[in-house]
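The values are calculated or read from the model by the stated rules, or taken from the named source; none is laboratory data. Computed from a predicted model, the values in this text were never measured in an experiment. Heads up, the Cβs are rebuilt from the backbone with ideal geometry, glycines too, and the neighbour counts pull from every protein chain shown. Only protein heavy atoms, including side chains, enter the accessible area calculation; ligands, DNA and RNA are left aside. Shrake-Rupley method; radii C 1.70, N 1.55, O 1.52, S 1.80 Å.
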Amino acid sequence: MPFYHKLGNIPHKRHTQFRKPDGSLYSEQLMGTKGFSGVEALLYHHYPPTAILKVEDLGSTAIELEPDGALRHRHLKTFAHKPGGDPIGGRRMLLVNNDVRMGIVHPTEPQTYFYRNGEGDEMLFIHEGEGVLETIFGNIPYRRGDYLVIPIGTTYRVNTNGTPTKMLVLETMGEITTPNRYRNEHGQLLEHAPFCERDIRVPLELTPHDEKGEFAVHVRAHGRMTKHVLDHHPFDVVGWDGYLYPFAFNIEDFEPITGRVHQPPPVHQTFSGPNFVVCSFVPRMFDYHPEAIPAPYNHSNVESDEVLYYVEGNFMSRRGVDLGSITLHPSGMPHGPHPGTVEGSIGKAATEELAVMVDTFKPLYLTKEALSLEEPSYTYSWVNH
């Protein structure tokens, strides 16, 4: 993240004695990316974070791909997925490559263990539900429309408070950041950015657990899931500071950029990841040139795959999509508005659509899990019968 934050109790100087009321030392932990040259945070624990009682291999995290790799437009109806599992184990990955895995989770069970992704950052988009993202850095209450960005190595648990929940999940092999073009050389978001630091919600509540016992942490790393049983509660941090921490940003706080004629998708960009971007399509005024065509023009994604996740509203250029629909328009073929929607958009003043777009710069592949959600006639829906 581009700004410094601290929470709880920390010593005056780094790497100096920091003692508990009984005179014993707190355990200092440096958590950073890119060795010692990336963003980092210093955390102070009641107990050494290295104290593991036992280790158990939970198996491979590899995903089976669909056998039919034909190039065509795809439509996945994710609300047809049967809810189940917890916020981690209930995830169903649908589109994958070596940079990012995209999927959904509609949990019905509480997460009884803690979780840590040791391979890359994660993003959860909250389509439905409210609860608390509990982390080693403190708690972040979340609500519908929130993007939750969770840095690599963060131990966390999603508490849905028992509410019906639907999330879009991105598991990456790198770092999720705000776009470079919206930041100055100091990392501050600039005046022309569609949001600013004021819109970003950081952990504000830290409740250290001074508690011994057996606590399971499921760790994803090296293509496998491993269960680590600690001898203490992992949320034992009394204070921390730095630039590395989870945060929330609500899609309603994205301020759309509009123009006299149709603006290209980069104006909707919200985040950047390794070889992909995340964009937010929000309610906005349409183009105001007297002869403007609000619907997007046909275009070929010659070097990227385009994924749209439909949240709510009426998407003006697309027919037949539902809440929770995912469309994939792959590189190698053109796509654009459905027949009749271009003419139908002329004269309209605004749109109430809400959607999340992910553009990847390497091809995406469908998983076998995705096949049960696919609406196969979508690729032929541009034929004007």
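Could you identify the single residue in 163, 112, 207 that is over 27 Å from residue 258 (Cα atoms) and either at pLDDT 95 or above or in contact with a helix residue (DSSP H, G or I) (Cβ under 9 Å, 6 or more places away or on another chain) (or both)? So that I can check it myself, show each step before the final result.
Details: 163 fails: either at pLDDT 95 or above or in contact with a helix residue (DSSP H, G or I) (Cβ under 9 Å, 6 or more places away or on another chain) (or both); 207 fails: either at pLDDT 95 or above or in contact with a helix residue (DSSP H, G or I) (Cβ under 9 Å, 6 or more places away or on another chain) (or both).
Of the residues listed, the single one that is over 27 Å from residue 258 (Cα atoms) and either at pLDDT 95 or above or in contact with a helix residue (DSSP H, G or I) (Cβ under 9 Å, 6 or more places away or on another chain) (or both) is 112.
Can you name every residue in segment 226-269 that is charged (D, E, K, R), open to solvent by 10 Å² or more (accessible area, probe 1.4 Å) and touching a residue at least 40 places away in the same chain (Cβ under 8 Å)?
Across segment 226-269, the qualifying residues are 227, 231, 241, 252, 253, 255.
For segment 48-65, how many residues meet the condition of being open to solvent by 40 Å² or more (accessible area, probe 1.4 Å) and outside any strand (DSSP E or B)?
Pass one, segment 48-65, residues open to solvent by 40 Å² or more (accessible area, probe 1.4 Å): 48-50, 52-58, 60, 62-65.
Subsequent filtering for residues that are outside any strand (DSSP E or B) retains 48-50, 62-64.
Of the residues in that region, 6 qualify.
Taking segment 76-135 as the region of interest, how many residues are among the polar types (S, T, N, Q), in a loop (DSSP other than H, G, I, E, B) and open to solvent by less than 20 Å² (accessible area, probe 1.4 Å)? Write out each step before concluding.
First, pick out the residues of segment 76-135 that are among the polar types (S, T, N, Q): 78, 97-98, 108, 111-112, 117, 135.
Restricting the remaining residues to those that are in a loop (DSSP other than H, G, I, E, B) gives 97-98, 108, 111-112.
Still in the list and also open to solvent by less than 20 Å² (accessible area, probe 1.4 Å): 111.
The qualifying residues number 1.
Of the conditions (1) exposed (fewer than 11 other Cβ atoms within 10 Å of the Cβ); (2) at negative phi, residue 35 satisfies every one except a single condition; which number is it?
(2)
Any idea which of (1) within 16 Å of the chain's Cα centre (by Cα); (2) modelled with pLDDT of 95 or more is the one residue 136 doesn't satisfy?
All conditions are met except number (1).
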